[in-house]
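Engineer: To start, I am sharing the structure in question, which I have written as structure tokens.
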Amino acid sequence: EPEVTQTPSHQVTQMGQEVILRCVPISNHLYFYWYRQILGQKVEFLVSFYNNEISEKSEIFDDQFSVERPDGSNFTLKIRSTKLEDSAMYFCASGTAGIQYFGAGTRLSVL
Amino acid sequence: QKEVEQDPGPLSVPEGAIVSLNCTYSNSAFQYFMWYRQYSRKGPELLMYTYSSGNKEDGRFTAQVDKSSKYISLFIRDSQPSDSATYLCAMSLNQAGTALIFGKGTTLSVSS
């Protein structure tokens, strides 16, 4: 069964460093998403992406964040200058219509 | 107001019990309703989805949507220890590329 793949599973970084989280969406999906989940809290929407453009973004997705689909298979989330409060699980999702399928996540630890 | 409320539990039941999980929401424009299962430190796994109102059954799982009451439910019959997880409700507007709004999740423990 096709699945969304995320790498790395765990990323440790120093505050102020740039990180890139990577995702390979399900191959025939056209819509791509990033969410985050701070420990013990709700899964929160960050951004959606379609046809090489951002479709929607939340107030969390500020200028420190960017997304890119550099080729036909990868979808990335970049955080330019990480803060302690960026520590969370980051989930990539892909889908069709209103249905979204999630990857296993990348745990980002900012020290 | 995009807000989804879900009792976090924890909910503990014996093996074989019927489990009822519920969410309420405030935005009447939501059209897609989903239930995800999440194991500790893993990604949400899609269990059921329903478009608009009505019931949907898949094996031991039944999802119900009551749009007039802004209330959705997930029923698990003959619960198993392997059903122990956090169950997240989520919903979205009737268009692709829009945010899923999640509840906080209900933690379920099924004891053998």
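Engineer: Quick one: B:Gly59 ticks every box in (1) open to solvent by 20 Å² or more (accessible area, probe 1.4 Å); (2) closer than 23 Å to A:Val43 by Cα bar one, so which box is it?
Structural biologist: (2)
Engineer: Out of A:Arg80, A:Arg22, A:Arg107, which single residue is within 12 Å of another protein chain (Cβ to nearest Cβ) and either touching a residue at least 12 places away in the same chain (Cβ under 8 Å) or at positive phi (or both)?
Structural biologist: Testing whether each residue is within 12 Å of another protein chain (Cβ to nearest Cβ) and either touching a residue at least 12 places away in the same chain (Cβ under 8 Å) or at positive phi (or both) leaves just A:Arg107.
Engineer: Checking the structure you have, find out if any residue of the stretch A:83-92 is open to solvent by 20 Å² or more (accessible area, probe 1.4 Å), basic (Lys, Arg) and more than 13 Å from chain B (Cβ to nearest Cβ).
Structural biologist: Looking through the stretch A:83-92, at least one residue is open to solvent by 20 Å² or more (accessible area, probe 1.4 Å), basic (Lys, Arg) and more than 13 Å from chain B (Cβ to nearest Cβ).
Engineer: Scan the stretch A:39-69 residue by residue and report those that are open to solvent by less than 40 Å² (accessible area, probe 1.4 Å), more than 9 Å from chain B (Cβ to nearest Cβ) and either in contact with a Gly (Cβ under 9 Å, 6 or more places away or on another chain) or in a loop (DSSP other than H, G, I, E, B) (or both).
Structural biologist: A:Ile60, A:Phe61
Engineer: For the stretch B:71-112: of the residues being charged (D, E, K, R) and open to solvent by 60 Å² or more (accessible area, probe 1.4 Å), which is nearest to A:Gln37 (Cα to Cα)?
Structural biologist: Step by step, filter the stretch B:71-112, then rank; the result is B:Lys104.
Engineer: Assuming A:Ser73 fulfils every condition listed in (1) at the interface with chain B (Cβ under 9 Å from one of its Cβ atoms); (2) surrounded by fewer than 16 Cβ atoms within 10 Å (Cβ to Cβ) apart from one, which condition is it?
Structural biologist: (1)
Engineer: Filtering the stretch A:4-37 down to residues that are in contact with a strand residue (DSSP E or B) (Cβ under 7 Å, 6 or more places away or on another chain), part of a loop (DSSP other than H, G, I, E, B) and of a type outside the set (Asp, Glu), which residue is farthest from B:Leu88 (Cα to Cα)?
Structural biologist: A:Met15
The values are calculated or read from the model by the stated rules, or taken from the named source; none is laboratory data. Quantities reported herein were computed from a predicted structural model and do not represent experimental measurements. Reconstructed Cβ throughout: ideal geometry from the backbone, glycine too, with neighbour counts over all protein chains shown. All accessible areas refer to the heavy atoms of the entire protein, side chains included, with ligands and DNA or RNA removed. Shrake-Rupley method; radii C 1.70, N 1.55, O 1.52, S 1.80 Å.
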